[in-house]
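For reference, the structure is listed below as structure tokens.
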């Protein structure tokens with residue numbers, strides 16, 4: 001399976017780099033005082049229940065920094081003209097405890113997968129196709145690390161949603177990046193056709 005070979009977003013000379021200690025300041029610059037949204041600092045899938053809510057803000061920032069300080073790259077930063085403009089979180093699914101307890105996003109099978117769990121695009125650079133390019137970069141990142149399957153959990157909606165509601169990405173972006181839908185589990189109390197949380201996969205050749 002290969003992503004579409006469309007050119008990068010117009011007028012954007014993009015480059016992508018794993019988040020390391022050296023780039024931590026750029027991560028903070030991109031996420032800003034709100035930690036992207038509500039003090040999350042991209043810890044939503046790593047902390048369950050009260051552990052997340054009680055650490056919103058600086059607590060989440062410090063925990064994410066401790067991960068990076070341990071020389072674990074939790075995702076990739078996108079740069080344009082030397083400035084960070086986008087972020088994608090991608091790690092082995094086992095790095096996200098909250099996924100293990102999600103009925104809607106339950107494992108498709110027992111294969112080892114890497115999970116794309118979050119996007120954050122700088123406001124003035126949204127709706128320019130950067131999410132698609134981040135997904136392509138993520139699959140290359142996983143390939144270099146020996147991964148075979150990259151999985152995502154986008155929102156599938158026909159209406160335009162505010163950015164905080166589509167932090168896991170949109171189905172259209174995953175499709176453009178070469179991903180294919182492999183499952184669509186119903187939420188508790190809902191029929192399968194009503195859920196807007198499909199599971200998409202990219203199989204690395």
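Some notes on this structure:
- Taking every alpha-carbon pair in segment 9-127 and binning the separations at 10 Å intervals from zero gives 13, 43, 32, 11, 0 percent.
- Segment 67-100 residues near the modelled residue 48 label - backbone nitrogen below 14 Å, point 7 Å along Cα→Cβ: 94-100
- Relative exposure of 118, 42, 37, judged by other C-beta atoms within 10 Å (fewest first): 37, 118, 42
- Ranked 115, 66, criterion: other C-beta atoms within 10 Å, fewest first: 66, 115
- By the count of other C-beta atoms within 10 Å, a proxy for reagent exposure, 156, 69 are ordered fewest to most as 69, 156.
- Full-extension gain in nm, residue 185 to residue 62, via 0.36 nm per residue minus C-alpha separation: 40.9 nm
- Fully extending the segment from residue 22 to residue 140 would add 40.4 nm, taking 0.36 nm per residue of separation and subtracting the current Cα-Cα distance.
- Segment 105-146 - convex hull of the alpha-carbon atoms, volume per residue in Å³: 88
- Evaluated on the chain, the Kirkwood hydrodynamic radius is 17.2 Å, with distances taken between all distinct Cα atoms.
- Spin-label model distance (nm) - residue 108 vs residue 83, 7 Å beyond Cα toward Cβ: 3.7
- Using the average count of surrounding beta-carbon atoms within 10 Å as a protection proxy, the listed peptides 71-80, 17-26, 43-52 rank, highest first, as 71-80, 43-52, 17-26.
FYI, it's all coordinate maths here, none of it is from the lab. Just so you know, these numbers come straight off a predicted model, no measurement behind them. All Cβ positions, even for glycine, are placed from backbone atoms using ideal geometry, and neighbour counts span all protein chains on display.
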